[in-house]
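Reviewing the structure listed below.
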Amino acid sequence: MATLEIVNVRKSFGSVEVLKGIDIAAEDGEFLVLVGPSGCGKSTLLNAIAGLQANDSGEIRIDGRDVSGLHPKDRDIAMVFQTYALYPNLSVWENIAFPLEARGVSKADRRAEAERVAELLHLTDYLDRKPRQLSGGQRQRVAMGRALVRDPQIFLFDEPLSNLDAKLRVVMRTEIKKLHRTLGTTMVYVTHDQIEAMTLATKIVVLRGGEVQQVGAPDDVYNLPANMFVAGFMGSPSMNFMEGVLAADAGGATLGITRPDGGSVSLHLPVPDALAARYDGKRVVIGVRPEAMVDAESETRDGTYQQIEWPLEILEPTGADTIAVLQSNLTGGEEEMVARFSARTSARPGTVVPLNVDTRAVVLFDPDSEEAIFHAAASGSAPPVALAVANGSGA
Amino acid sequence: MAISEHLPAAAKAAPKPRTLRTGTTWVGRNLPWLTLLPTGILGAVFIYGFIALTIYTSMSASKLIPDYTFVGFEQWVKLWSMRRWGIAVNNLFVFSGLFIAIATVIGLVLAILLDQRIRHEGTIRTVILYPMALSFIVTGTAWKWILNPGLGIESLLHDWGFVEAQFDWLVRRDRAIYTVVLAAVWQSSGFIMAIFLASLRGIDPSIMQSAMMDGASTWRIYRRIIIPQLRPAFFTAVVILLHMAIKSYDLVIALTNGGPGTATDLPSTFMYDYAFDRSRIAIGAASATMMLFTIAAVIVPYLYSELRSHNRSRTS
Amino acid sequence: MKFLRTTTALIASGTIALSAATSAMAEGKLDIIHWWTSGGELAGIELLRSNIEAQGIEWIDAASAGGAGTNARTLFRTRVQAGDPPAVMQALGTEVNEWAETGILGDLTALAEEEGWYDLVPEPLHPFMNVDGSTVAVPAVWSQINWVWGNKAIFDEHGVAVPQTWDELVAAAETFKAAGITPIAHGGQPWQDTAIFDGILVSFDDPDFYRKVAFEQDRETLEGPMFREAMERLRWYSQQLDEGSPGREWTQAQAMVLNGEAAMSWMGDWAKGWRVAQGQQAGVDFICFPTPGSNDMFVWLADFFFFPKIEGEADNAAQQAFASAVMEQQFQHDFSLIKNGLPVRTDVDNADWDDCTRDSIARAERANARGGLVASLGFAHSARSDVQGVFRDTLSEFVNTPDMSVDEGIEILIDGLDSL
Amino acid sequence: MNDIVLGQRSLTDRLLRVALYGVLIGFMLFYLAPLYVMVVTSVKSLEEILAGGLMNLPKKLDFYGWSEAWNNACVGTECRGMAPFMWNSLIASTAATIIPTAIGALNGYALSLWRFKGSELFFGLLLFGAFIPFQIVLLPMASFLGWIGWSSSLVGLTFTYIVYGLPFTTLYFRNFFVSFPMDLVNAAKIDGIGYFRFFWRVALPSSVPIMIVSIIWQFTNTWNDFLFASTMTKLESATVMVALNNFVEVANGVKRYNVDMAAAIIAGLPTLAVYLVAGRYFLRGLMAGAVKG
């Protein structure tokens, strides 16, 4: 049980700077998820916390004590690896109890501890097997068992579910969440899967290129993304982006959008006056979640929805609903947009279809800095606190 | 994961304000290289120290016993003016050229044949490879006898009615080196077969299948598609065979002892003769140095590329 | 230093003289490297050993069989380098001189004078015992090289008399060939190829020629007609052999004569030792004769023991005791009998020797009178081993290359000598 | 690879197949011939051998050759047969197998799982030592052994084998451990498992396959070595290869081929047995010794 503070941590490999001054704070009992695309530095950061790699500068404080420079074993942490890292020649119970062996615990006590942990992880029947005789999920549990037996201050997870098949991943995800609830221990979890991040985290840290993009609760990160990267990275399918020119008017501003086929549509947004004035006549990017873009013909909505018409390219039925693929008007024109249509939609690909856009859930971005300038969900108020942190280090 | 583990040493050598301690005590922190220290010392003395000493000896006035008076390249000049050294070097060219070519071809042919879903493949492989397990001092006794004109193949052919048949290469000055090649091929070609077979088994079978769908003949498929893919195996085979050829010693000792006369002298037997029999230490050292340089010229680039490609594959 | 050593030697020899009477008085140990590991040689060394051990000296034997002395030489050299030389080392001919020049050998001059070695030992051996006025080695036995051993039954059957001249030899060989018998059995190893050339060089019965070739490598002589003829004779010799000769051991070649596969074989007198060991008798089962034309010539080789400087008075005394024991009259008599060589003392009773050995001794005396008692080239007695090495390599190549011309052979030889 | 079903086999296919087996059988005969000759000759009487018939089976089994070779064969002054030399070889090879394998395991472990600055360079330099022609170290090694008083002794020879075996054994273990998941080491670090505990409890027990390779390699190589053994032994310390060569080369008179062949087979039996029992590992050893990295 401990807090974790990461203060201005930097790390370079040769001339490549992998961590460019990371600042994160986690409360005691927090489930902190580090998420980002590969190469964002999340694993390096985890390794630095674990002590597998030294950070060049900055501090890593566990319960207020700077541990950078300490040997991993002296940091009172436990780690679950992507590859499980089970010792192939040791049986399940020996694997679980191996950390205790190094601490000179007697064999009887080790066995007892292993049995206790195994019970928690439903491994009791497998205690005397070798890792190669276990399924992927069972191995995963053994790896967790080895971490549990330590009763550490912080658990570290390095993409622990990525070697499992899709179904098992969901099951194990739930188990990890239960485990966190039961133990209440601080956990740091690295993943590139934003769904894992959303489902597990009490606090998400989005990393990119060695920098923190945003820190916040899952809801905040999803609904109030700090920039286009976070907006695009979190959520699947990811957020749609369109480019337009803002024109200030009464009660906000109107966004004029030129479609890829040359036609034009417009949306009226309740932006604050100051913002409207600042961006009057300037280009902005609007972000709309796919679920906030629906088929106007089959679904009618209340007044928060505004209708635009847009050329439809392809329909991909998924059963529950139908994914409509649209072409974005962003520069380059390669980007696609996705809207969530009803399964019973009558829209025809190749035609221009009417869409309802939920303007309560849109985000405006500055096209040059890619920073968010307006969150409709925050009803025109100032950007959330977390955003300030991200801006502070990013600028 | 652990990216630093995959980076070349140079990258890791970059300045680090703070290094991670891998243990609590000094010994604990430095265990890995302390473990290697005994081997390092042995290697430094017995490999590199001795190489340096031998090279220096080759430039000294040593004769009966080492005499470390520096004489420059005098011994080298002497070495290269020796007719017998010339014969040895010439033999090495003939021997290694033929040995490498024949062993490679036989190894490749055997590997391809064995790759045709043969019954009892394991048994056949065992038979082809067993000479590798035996010292040539052992098999040389048999070879010497088989090749002996009075008792071996020649007399066998005579028994079979080929009265005119002659197979006296072992005792003919101009042919004896070929018997050495024959025996060397016999011993090593199975191993080359194994290298090629391993390489063949590593080729994606769907390549073969798709080529067959395209209507290519088996011969064409091997010639145009499969064999070109064996390039690394060829490379390996040639390097190893060359290495074997230069080091060959017991082979010659057991079969011809360098004879008839000096006809099958190789640098390895020359070195032994001069360094130990004739007590011309500096000449012996110079010839050993030549052997080292020849091998190093092939091995160093080979090792360098192998280690580098290995590092690359680990990083990716 | 010299004074001290002489004093020590005097004391030591005194001790030996005493111990010879009282026995088991001396102490010390005798660490010896040699390669006499078979047949008569081994019996000889065992005899020596019992004589030495009877004096209470510990005998530490480091016999090294491999490669006709190669391993023994390696062992000796490494121990010299390590500063731990043995007390006694076996050597052939100029090896003694080469080692003496490195300055590692001790001095036995006092003992030699006391026991009067130089009056007893035939003069040609002196240069190998005495280097720059200091006695460094003792000869153990010497051997005549220019011997031919014939199968008596074959010679008799074909009515061939002992060939006295080269032409008679050629005629004899033709007779044997016509009868389907290999005229000459030969062991085709480089040292044997060179050894038989010693016999060819003396077949001209010309001491001066031998000296110019073997000792001086006189270029004019080497390019002259007689040496050409010698090479022609070597070529002829190489044509009398069976095809299996390359690589053959000398004992195998002797066995071919013994079995009647071949008529004769050229080899030093140790070949008689081997014959006697096989139960053969001189004049009954085999005949011995000098290489044709060399009846008054005697090419010899000798085995020596030399004595590195070592620490310790007792051990030095042991060295002296060993030298004395080797030179002892009775030992010389017994050893030359066992090994079938010649004693290195001129005062040994010859009653027990067979005809071949008596013939050999008579030849040595005849040859000595006319300067024909000459040291072997093939075994590096007349020249240093690098010179001998050139001869060995060239002659061996020549013997084994049927299409190499005599001119070519001479040219290669001279080139080789020039490059030294 | 040719596992495609292309309908019925045609006549040409069948003929090709027959030819294929024919060629393979021909090669097998070529490889087996010397061994066959050795075995057959070793159980013939000398008269039968000299009568010719190299390839013929013996008319009458005669184990004279074997008993002579084992009991009475002379090497130099020693006429005690092959047995004492087999014993010498066994001592040298066993020590020269166990010690370098143990050190090599630890070396390979350090070089692959605990890399440090310069460890790759270290490995490269050591690896080169596996490829040098041993002639280059022969002279200094002989002097060195003389210097420490081990010249021409079994101890000196064994020491030589150990030193020059290390590059190979290190190479094997290093290349084996290099494919070990790095996460195992990381997990161990976090769990506080020490360097040696990890080696003993995890790395070493997992390395049994490569240990077998290393053992076979060292054993066969030292057993079959001739260069070092012929330089660094004397009569009492000769290994069986030196003894065999000496015995076969230095025949006293008529060559007794049956005794020679029996002696050769006796000298070759241990490595042949190793090969037949553990051929798979033997091949892996050869390949690992060949294909680096």
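Some notes on this structure:
- Answer residue from region D:196-227, given it is facing chain B (nearest Cβ under 10 Å) and crowded, with 24+ Cβ neighbours inside 10 Å and is farthest from the chain's Cα centre (by Cα) among those: D:ASP225
- Restricting the first member to region A:344-355 and to residues that are modelled with pLDDT under 90, and the second to residues that are hydroxyl-bearing (Ser, Thr, Tyr), the beta-carbon pairs closer than 7 Å and six or more apart or on different chains are A:ARG344/A:SER298; A:THR345/A:SER298; A:THR345/A:THR322; A:SER346/A:SER298.
- Looking only at residues of region B:54-110 that are among the small types (Gly, Ala, Ser) and free of Cβ contacts under 8 Å to residues at least 12 places away in the same chain, we find that the one that is nearest to B:MET271 (Cα to Cα) is B:GLY86.
- There is no residue in region C:113-129 that is over 19 Å from C:PRO343 (Cβ atoms), over 19 Å from the mean Cα position of the chain (by Cα) and in a strand (DSSP E or B).
- Of all residues in region C:379-396, exactly one satisfies the criterion of being surrounded by fewer than 24 Cβ atoms within 10 Å (Cβ to Cβ), within 11 Å of another protein chain (Cβ to nearest Cβ) and in a loop (DSSP other than H, G, I, E, B), namely C:ARG384.
Residue-by-condition table, conditions (1) of a type in the set (Asp, Glu); (2) at pLDDT below 50:
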site	(1), (2)
C:ILE11	no, yes
C:ILE16	no, yes
C:ALA21	no, yes
C:MET25	no, yes
C:GLY40	no, no
C:GLY44	no, no
C:GLU58	yes, no
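- Residue that is crowded, with 16+ Cβ neighbours inside 10 Å and in a strand (DSSP E or B), where the choices are C:VAL399, C:VAL374: C:VAL374
- Only one of the numbered conditions (1) in a strand (DSSP E or B); (2) outside the structural domain of A:GLY184 (by the TED database) is not met by A:VAL215, and that is (2).
- Pairing residues of region B:286-308 that are more than 8 Å from chain D (Cβ to nearest Cβ) and within 10 Å of D:PHE131 (Cβ to Cβ) with residues that are modelled with pLDDT of 90 or more and surrounded by fewer than 22 Cβ atoms within 10 Å (Cβ to Cβ), at Cβ distances under 6 Å and at least 6 apart in sequence or on separate chains, gives B:VAL298/B:LEU242.
- Residue selected from region C:243-267 under the condition at pLDDT below 90 and in a loop (DSSP other than H, G, I, E, B), by the criterion surrounded by the most Cβ atoms within 10 Å (Cβ to Cβ): C:SER245
- Condition check for D:SER152: on the phi > 0 side of the Ramachandran plot and not aromatic (Phe, Trp, Tyr): yes
- Failed item, numbered, when A:LEU90 is tested on (1) away from chain D (no Cβ under 13 Å); (2) modelled with pLDDT of 90 or more; (3) surrounded by fewer than 21 Cβ atoms within 10 Å (Cβ to Cβ): (1)
- Leading residue by the ranking (nearest to the other protein chains (Cβ to nearest Cβ)) among those in region B:249-277 that are buried (at least 24 other Cβ atoms within 10 Å of the Cβ) and among the small types (Gly, Ala, Ser): B:GLY261
- Tally of residues being in a helix (DSSP H, G or I) and facing chain D (nearest Cβ under 8 Å) across region A:102-126: 1
- Exactly one residue out of B:ILE207, B:ILE221, B:ILE227 is touching a residue at least 60 places away in the same chain (Cβ under 8 Å), farther than 22 Å from D:ILE216 by Cα, out of contact with any Gly (no Cβ under 8 Å at 6 or more places or on another chain) and more than 7 Å from chain D (Cβ to nearest Cβ): that is B:ILE227.
- Listed by first and then second residue, the pairs with beta-carbon distance under 8 Å, at least 6 apart or on different chains, first residue in region C:242-254 and touching a residue at least 60 places away in the same chain (Cβ under 8 Å) and within 11 Å of chain B (Cβ to nearest Cβ), second of a type in the set (Val, Ile, Thr) and surrounded by fewer than 20 Cβ atoms within 10 Å (Cβ to Cβ), are C:GLU249/D:VAL250.
- Flag for C:ASP359 being surrounded by fewer than 24 Cβ atoms within 10 Å (Cβ to Cβ) and either touching a Cys at 6+ places or on another chain (Cβ under 9 Å) or of a type in the set (Phe, Trp, Tyr) (or both): yes
- Evaluated against (1) under 19 Å from D:LEU32 (Cα atoms); (2) within 14 Å of chain C (Cβ to nearest Cβ); (3) of a type outside the set (S, T, N, Q), B:ALA194 falls short on exactly one condition, (2).
- Looking only at residues of region D:146-170 that are at pLDDT below 90 and crowded, with 24+ Cβ neighbours inside 10 Å, we find that the one that is nearest to D:ASN221 (Cα to Cα) is D:SER152.
- C:HIS333, sole failed condition from (1) more than 14 Å from chain B (Cβ to nearest Cβ); (2) in contact (Cβ under 8 Å) with a residue 60 or more places away in the chain: (2)
- Test result for D:ILE132, under 30 Å from B:THR57 (Cα atoms), assigned to a loop (DSSP other than H, G, I, E, B), at pLDDT 90 or above and in the same structural domain as D:ILE266 (by TED's automatic domain parsing): yes
- Exclusive hit being aliphatic (A, V, I, L, M), within 14 Å of chain C (Cβ to nearest Cβ) and within 30 Å of B:ALA285 (Cβ to Cβ), set D:VAL137, D:VAL163: D:VAL137
Each row is one residue, and each column tells you yes or no for (1) surrounded by fewer than 21 Cβ atoms within 10 Å (Cβ to Cβ); (2) at pLDDT below 95.
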position	(1), (2)
C:SER143	no, yes
C:GLY159	yes, yes
C:VAL162	yes, yes
C:LEU169	no, no
C:GLY180	yes, yes
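- Listed conditions (1) at pLDDT below 90; (2) within 26 Å of the chain's Cα centre (by Cα); (3) assigned to a helix (DSSP H, G or I); (4) within 19 Å of A:ASN47 (Cβ to Cβ) are all met by A:GLY137, apart from (4).
- Selected residue [surrounded by fewer than 20 Cβ atoms within 10 Å (Cβ to Cβ), assigned to a loop (DSSP other than H, G, I, E, B) and without any contact (Cβ under 8 Å) to a residue 60 or more places away in the chain] from C:ASP349, C:ASP296: C:ASP349
- Restricting region D:178-195 to residues that are more than 7 Å from every other protein chain (Cβ to nearest Cβ) and either assigned to a helix (DSSP H, G or I) or modelled with pLDDT of 90 or more (or both), the residue that is farthest from the chain's Cα centre (by Cα): D:ALA188
- Test: B:LEU37 is hydrophobic (A, V, I, L, M, F, W, C), more than 7 Å from every other protein chain (Cβ to nearest Cβ) and more than 30 Å from C:VAL387 (Cα to Cα): yes
- Residue match in region B:157-169 (condition: β-branched (Val, Ile, Thr) and surrounded by 22 or more Cβ atoms within 10 Å (Cβ to Cβ)): no
- Some residue of region C:217-233 being free of Cβ contacts under 8 Å to residues at least 40 places away in the same chain and hydroxyl-bearing (Ser, Thr, Tyr): yes
The values are calculated or read from the model by the stated rules, or taken from the named source; none is laboratory data. This one's a predicted model, so the numbers in the text were calculated from it and none came from an experiment. So basically every Cβ, Gly included, is an ideal-geometry build from the backbone, and we count neighbours across all protein chains shown.
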